[in-house]
1. For region 100-109, what are the residues that are surrounded by 16 or more Cβ atoms within 10 Å (Cβ to Cβ) and either under 13 Å from the mean Cα position of the chain (by Cα) or small (Gly, Ala, Ser) (or both)?
2. Exactly one condition in (1) closer than 23 Å to GLY43 by Cβ; (2) open to solvent by 50 Å² or more (accessible area, probe 1.4 Å); (3) at pLDDT 85 or above is not met by ASP154; state its number.
3. Mind listing whichever residues of region 63-89 are out of contact with any strand residue (DSSP E or B) (no Cβ under 9 Å at 6 or more places or on another chain) and either in contact (Cβ under 8 Å) with a residue 24 or more places away in the chain or surrounded by 12 or more Cβ atoms within 10 Å (Cβ to Cβ) (or both)?
4. In the set LYS20, LYS39, which member is within 19 Å of LEU110 (Cα to Cα) and basic (Lys, Arg)?
5. So which residues in region 46-62 are outside any loop (DSSP other than H, G, I, E, B) and either of a type in the set (Val, Ile, Thr) or open to solvent by 70 Å² or more (accessible area, probe 1.4 Å) (or both)?
6. Given the conditions (1) more than 30 Å from ASP24 (Cα to Cα); (2) touching a helix residue (DSSP H, G or I) at 6+ places or on another chain (Cβ under 9 Å); (3) small (Gly, Ala, Ser), which single one is not true for ALA119?
7. Considering only residues that are within 17 Å of PRO113 (Cα to Cα) and touching a helix residue (DSSP H, G or I) at 6+ places or on another chain (Cβ under 7 Å), which ones fall in region 48-63?
8. Please state which one of GLY112, GLY120 is open to solvent by 70 Å² or more (accessible area, probe 1.4 Å), of a type in the set (Gly, Ala, Ser) and within 17 Å of GLY49 (Cβ to Cβ).
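The values are calculated or read from the model by the stated rules, or taken from the named source; none is laboratory data. Predicted model only: the values in this text are computed from it and were never measured. Neighbour counts run over all protein chains shown; Cβ positions are idealised from the backbone, glycine included. To get the accessible areas, we keep the full protein, side chains included, count just its heavy atoms, and leave off ligands, DNA and RNA. Shrake-Rupley method; radii C 1.70, N 1.55, O 1.52, S 1.80 Å.
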Amino acid sequence: MSIDQSVLDKFEAVVESQRKRIMDMKAQDDFIDYSKLDKLIIGVCGGDGIGPIIMDQAVRVLKALMEEEIASGHIVLRPITGMTIENRAAKLQSLPDEVFEEIKQCDVLLKGPMVTPRAGDPWPNLVSANSLLRRGLELFAAVRPIRIPEKNIDWTFFR
């Protein structure tokens, strides 16, 4: 089976762009050693749909597990609003500028699911907020483990 040269060229370009990105990241001096921070700010973004319900429980668990660190001020939970589909649709922005700025002021982001409108939905055609977050924050990969033991599937997808 032969692979079209244009496909190989595109793949090579993608790999090379990621290699360059990694080398640029390694050359930066602004990596954060989180263990040395006096205060760790965790942004809490509920999202929409079932997101706020899930996040209420995630925050409840986080508060129970990190009770001492939160009480001492070493960990600060910072609510981030504005990622509901209603707000994003009203602004015609998948990731509103002011919300993204708030997120960038945090050391960690704990976020719930966010609706990506589909054809037939009552919302305007907005791109995925998750995708914009990954690109805007230059996150390396979205890791998607897939496990279906009864079909002997144990895969991990990196995108």
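1. PHE100, ILE103, CYS106, LEU109
2. (1)
3. Those that are out of contact with any strand residue (DSSP E or B) (no Cβ under 9 Å at 6 or more places or on another chain) and either in contact (Cβ under 8 Å) with a residue 24 or more places away in the chain or surrounded by 12 or more Cβ atoms within 10 Å (Cβ to Cβ) (or both): GLY73, THR84, ILE85, GLU86, ASN87, ARG88, ALA89.
4. Details: LYS20 fails: within 19 Å of LEU110 (Cα to Cα).
Selected residue: LYS39, the only one of LYS20, LYS39 that is within 19 Å of LEU110 (Cα to Cα) and basic (Lys, Arg).
5. Looking only at region 46-62, we keep the residues that are outside any loop (DSSP other than H, G, I, E, B), and these are 51-62.
Hits for region 46-62 are ILE53, ILE54, ASP56, GLN57, VAL59, ARG60, VAL61.
6. Only one criterion in (1) more than 30 Å from ASP24 (Cα to Cα); (2) touching a helix residue (DSSP H, G or I) at 6+ places or on another chain (Cβ under 9 Å); (3) small (Gly, Ala, Ser) is unmet by ALA119, namely (2).
7. Of everything in region 48-63, just one residue is within 17 Å of PRO113 (Cα to Cα) and touching a helix residue (DSSP H, G or I) at 6+ places or on another chain (Cβ under 7 Å), namely ASP48.
8. GLY120
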